[in-house]
Amino acid sequence: MNRRRLAAAVVLALVGVAGIVVGLVATRGDGGGGSAGVLQAVLAGEMPARPPFTGLTEVHLAVGDRCLAVVVADTEPEREQGLRQRRDIGSDDAMLFVFDRPVDVDFTMSTVPVALDIGFYDSAGRRLSERHMLPCPKAESECPVYQAGAAFRYALETLGGQLPSGSIGACPA
């Protein structure tokens with residue numbers, strides 16, 4: 001009898017510890033609290049984008065201490081089009097590429113006629129790296145490839161020289 005009670009107590013203790021670990025992981029993952037939760041709340045507040053980005057959505061997003069109007073590219077076709085064939089971004093400050101999970105994909109400047117800066121951010125909005133990208137009027141296969149150097153969840157493009165420093169998150173109220 002004592003062995004059964006001891007075994008039951010050990011199993012209950014392990015279940016309790018597993019529950020605590022699962023709870024901690026959930027609060028630190030993409031769906032939990034903290035910065036990742038703040039970014040999800042920001043993206044949940046999307047509204048229709050202004051011309052020339054009709055059909056897309058936009059949000060207000062803080063980058064460091066600046067609040068920017070940002071067009072959101074969160075589907076594969078939107079991310080593929082990006083800022084191709086655009087000389088400016090209208091009344092918006094940037095384009096945010098949103099991925100469902102951390103990725104390590106390449107960016108090119110095929111048919112983008114102006115220089116852009118790109119910042120790569122993790123799930124919590126921390127900047128991982130940034131690149132200055134030069135125009136390339138050629139086909140995608142003939143243009144330089146720009147990489148983050150690590151898996152990222154968000155990429156933010158601005159016109160050259162206009163990428164603020166810092167993490168991304170909610171604008172101050």
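The values are calculated or read from the model by the stated rules, or taken from the named source; none is laboratory data. No experiment lies behind these values; they were computed from the predicted model shown. Using ideal geometry, Cβ is built from the backbone for each residue, glycine included, and neighbour counts are taken over all protein chains shown.
For residues that are acidic (Asp, Glu) and over 15 Å from the mean Cα position of the chain (by Cα), scanning just segment 140-169, find the one that is farthest from PHE120 (Cα to Cα).
Across segment 140-169, the extreme among qualifying residues is GLU142.
Of the residues in segment 93-145, how many are closer than 25 Å to VAL38 by Cα, among the polar types (S, T, N, Q) and without any contact (Cβ under 8 Å) to a residue 60 or more places away in the chain?
Residues meeting the conditions: 1.
Any residue that is out of contact with any Leu (no Cβ under 6 Å at 6 or more places or on another chain) and either more than 17 Å from GLY160 (Cβ to Cβ) or not assigned by TED's automatic domain parsing to the domain that holds LEU159 (or both) - is there at least one of those in segment 108-119?
no
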